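Everything on this sheet refers to the single structure shown next.
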Amino acid sequence: MSKPERLALLGHPVSRSLSPAMHNAALAAAGKSIKYEAIDVTIEDFEKTLSAFLDGGGAGNVTIPHKQHAFQCMDACTGEANKCGAVNTFWRDDYGRTCGHNTDVTGFATMMTELLGEIPPNLRIAVLGAGGAASAVLTAIAEWPGATATVHGRDLARASATRMRHSVVVKAASMRDPLIAEADIVVNATPVGMSSDEHPVELDRVAPNAIIVDLVYAPQETAWVRDARARGHRAVDGLSMLLHQGVAAFECWFGEEPDQSAMKQALLQAAGRS
Ligand code: NAP
């Protein structure tokens, strides 16, 4: 592929994203002079902004709420992006085609391997939310031996559509469904907790030994993760996933590995955690 001349994150909102700090650290460590910026773009303007950015030599990432829309805008997608129906990383290839990938899949898988080591068989996972991130989680857990999932959405039609896409899902249900209490792992793939201390589901509705995984990073840990840990749950937020999806995106754009420790340092610093 032709190397990008500009990099950006397209989303709404993006002002609190840690991706620019992380990628600018990787670019500096690799001796590249280009910058990674965050561009706030509404749903109405997404397609034309993406197109103009690509025409200007740009490549980048897509975040909430545009990942499924971005998938529709690509000429070619990787297997992961096709499974998710969502794109979080895009570039133009040597033939001028707009290409999309979904590095959230590997980001989530790597975070969970860091947390659990070898993935135990027959895990039951409750996924809260039915958007692009939920699809990435479901694509990753489809590789886990014997795993099954339930998808919980406030919009049952959207949860059912996500179920149809992923054979690992055994039921699409509401956020109030009692099946959440049977899950070994509960994953928040909604934005709840991004800008408030709201919990995506109350912790007394999950099993006492359930592992709590929040894809949200706030930039401090979310209240859901902190409160879960205080109750004795193993709990993790989305910072490690952010790092690993970013590493994979950099590899897509440049065909080389970034300096992962520089990226991690930049993330911790930007989040005020170092
Ligand atoms: P998305 O495609 O817009 O999907 C969001 C999902 O959450 C939808 O099902 C939506 O339901 C639901 N939702 C939104 N607000 C809700 C609320 N107040 N209560 C209950 N459900 C709600 O977004 P996404 O790309 O999947 O991202 C979801 C979250 O994951 C974001 O916070 C994002 O930052 C995070 N994320 C983190 C990483 C990471 O690397 N750590 C990677 C990817 C995503 P409706 O369909 O009814 O709107």
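The values are calculated or read from the model by the stated rules, or taken from the named source; none is laboratory data. Here the structure is a predicted model, which is why all the values come from computation and not from measurement. Positions of Cβ are backbone-derived with ideal geometry, glycine not excepted, and every protein chain shown enters the neighbour counts. These accessible areas exclude ligands, DNA and RNA; they are computed on the full protein's heavy atoms, side chains included. Shrake-Rupley method; radii C 1.70, N 1.55, O 1.52, S 1.80 Å.
Between amide H atoms placed 1.01 Å from N, distances below 5 Å from residue 38 occur with 9, all of them 5 or more places distant or on a separate chain.
Under the rule a/c < 1.5 gives rounded, and otherwise a/b versus b/c splits prolate from oblate, where does the range 105-237 land using the Cα gyration tensor?
On the way: a/c = 1.40, a/b = 1.15, b/c = 1.21.
Rounded is the answer for the range 105-237, as its axis ratio a/c remains below 1.5.
What does the charge count around residue 28 come to, taking other residues whose C-beta lies under 11 Å from its C-beta (Lys +1, Arg +1, Asp -1, Glu -1)? Overall, the nearby charge balance is +1. Applying the criteria of a DSSP loop state and at most 13 other Cβ atoms within 10 Å to the chymotrypsin sites (Phe, Trp or Tyr not before Pro) of the range 74-142 yields 95. Applying the criteria of a DSSP loop state and at most 15 other Cβ atoms within 10 Å to the trypsin sites (Lys or Arg not before Pro) of the range 163-221 yields 176. Spatially close Lys pairs in the chain, defined by Cα atoms under 16 Å apart and a spacing of eight or more places or different chains, total 4. Taking the accessible area of the chain, probe 1.4 Å, and keeping the other protein chains in place, the carbon and sulfur fraction comes to 50%.
Annotation for the range 4-58: GluC sites (Glu not before Pro) lying in DSSP loop with at most 16 further Cβ atoms inside 10 Å of their Cβ are 5, 44. Only beta bridges with both residues in the chain are counted; by DSSP, about 15 percent of them are antiparallel.
Taking every C-alpha pair closer than 8 Å and separated by at least 6 residues, the mean separation divided by the residue count of the chain gives a relative contact order of 18 percent. Protein heavy-atom accessible surface, 1.4 Å probe, per residue over the range 1-121: 44 Å². The stretch between residue 261 and residue 45, if pulled fully straight at 0.36 nm per residue, gains 74.2 nm over its current Cα-Cα span.
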